[in-house]
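The values are calculated or read from the model by the stated rules, or taken from the named source; none is laboratory data. On a predicted model such as this, the values are computed, not experimentally measured, just so you know. When we count neighbours, we look across all protein chains shown, and the Cβ atoms used for this are built from the backbone with ideal geometry, even at glycine. Keep in mind that these areas ignore ligands, DNA and RNA; they rest on the heavy atoms of the full protein, side chains included. Shrake-Rupley method; radii C 1.70, N 1.55, O 1.52, S 1.80 Å.
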Amino acid sequence: MVVDDHPMWREGVARDLTEAGHLVVATSGEGRQAIRVAAAARPDVVVLDLQLPDISGVEVIHGLRAALPQVRVLMLSASGEQQGVLDAVKAGATGYLVKSAAPAEFLEAVRRTAAGEPVFTPGLAGLVLGEYRRLAATPASGGPDAGPRGDLAPRLTDRETEVLRLVAKGMSYKQIAQRLGLAHRTVQNHVQNTLGKLQLHNRVELTRYAIERGLDS
């Protein structure tokens, strides 16, 4: 699904996605409408602009996640302003790309977002990881073994913990698979199992969880 208030841009992005073999189930130019339409169309990925005429892209993310907890959101914005990026990621965006990105870069970002991999315009990934490390400097309530909701963290297997450490370092599935000598699908399965155990929704949340527990060192 493509959400952008500029008709020509919105139609162009939808056309590029269709020509690349993706099924565009809906488009919208307003935030509140996008939330309603998404609830019915149930897209796997929403390509979302940060600035919309009625509500902000951050508010749209909250609405989308409430209606479709598993939806993945790729921000596609003209702005790379730091606070906007951080606000979007904290709200649950899987990735953030500026509109100056090349078409091939955009399509690759959509593919990676669909796979649950965080993807950012060069320079923004370091910003996001830096913010997570800053937040992690404040001890989480419930102690070091507390889960994301303050309960005791579920027990992960040694392999899941090993994969989690590499996720925290910002490595892609392909890089993790090469490092550990595993199949790409096996790495994906370990990540999905870990997400389920920790009651998290995507790799962005998983990365923050790992950094908060010092697994990125």
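Could you give the dipole magnitude of the stretch 175-216 about its Cα centre, charging the beta-carbon of Lys and Arg +1 and that of Asp and Glu -1, in debye to the nearest 20?
Details: 6 positive and 3 negative charges, 24 e Å.
Using Cβ point charges on Lys, Arg, Asp and Glu, the stretch 175-216 gives about 120 debye.
His184 sits with roughly 80 Å² accessible to a 1.4 Å probe, with DNA, RNA and ligands left out of the calculation.
With every protein chain in place and a 1.4 angstrom probe, the accessible-area ranking of Leu50, Leu156, largest first, reads Leu156, Leu50.
Each of the peptides 190-196, 177-183, 28-34, 201-207 was scored by the mean count of other Cβ atoms within 10 Å over its residues; in descending order, highest first, they stand as 201-207, 28-34, 190-196, 177-183.
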